[in-house]
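**Q** Once you've had a glance at the structure underneath, I'll fire off some questions.
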Amino acid sequence: MNIGDVLKPGGRGVIGTASKAGVVNMAVYAVPQVVDDETVAWGMTDGRTWNNVRENPNASYTYFAPGEGFRGARLTLTLARTEDSGVMLAKIRERAGASSPGNPEAVKHVAYFKVTETRPLV
């Protein structure tokens, strides 16, 4: 399954992370930036999701495609690296400013994940 073909603009999803102690957190997230065939990136604020991925690199993302029905995918992820500045952070802030009512400057970090498994939504 090609990541770029699966993750369409306009969709959204839920990212699941867990702390080192195993405390789970779920958060609504937009479609990530597709970096290449096996890497995606999200902008993150200083919240639970960010704290969890720094403690535990494993995460999952359930993506719901726009429109009716149950179209989308489930991604199994492993944190590859993070950045606190740069071109990708600027791109994500710009996209956030155009599509959400929040302050795009609250996005402080970029988390890059290797997609280790892709499965259909249902």
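The values are calculated or read from the model by the stated rules, or taken from the named source; none is laboratory data. Model, not experiment: these values are computed from the prediction. With ideal geometry, Cβ positions are generated from the backbone for all residues, glycine too; neighbour counts draw on all protein chains shown. What goes into the accessible areas is simple: the full protein's heavy atoms, side chains included, and nothing from ligands, DNA or RNA. Shrake-Rupley method; radii C 1.70, N 1.55, O 1.52, S 1.80 Å.
**Q** Let me confirm something: among 98, 90, which residue is farther than 22 Å from residue 17 by Cβ and open to solvent by 70 Å² or more (accessible area, probe 1.4 Å)?
**A** Numbers: 90 fails: open to solvent by 70 Å² or more (accessible area, probe 1.4 Å).
Of the residues listed, the single one that is farther than 22 Å from residue 17 by Cβ and open to solvent by 70 Å² or more (accessible area, probe 1.4 Å) is 98.
**Q** Test of understanding: among 31, 23, 6, 14, which residue is of a type in the set (Val, Ile, Thr), farther than 18 Å from residue 108 by Cα and within 11 Å of the chain's Cα centre (by Cα)?
**A** None of the other options fit; the residue is 14.
**Q** Being open to solvent by 30 Å² or more (accessible area, probe 1.4 Å), modelled with pLDDT under 95, among the hydrophobic types (A, V, I, L, M, F, W, C) and closer than 27 Å to residue 103 by Cα is true for just one of 65, 30. Which residue is that?
**A** Checking each option against the conditions leaves just 30.
**Q** Filter segment 105-115 for residues that are surrounded by fewer than 18 Cβ atoms within 10 Å (Cβ to Cβ) and closer than 20 Å to residue 53 by Cβ and give the result.
**A** If the condition is that a residue be surrounded by fewer than 18 Cβ atoms within 10 Å (Cβ to Cβ) and closer than 20 Å to residue 53 by Cβ, then 106, 108, 114 are the ones that fit.
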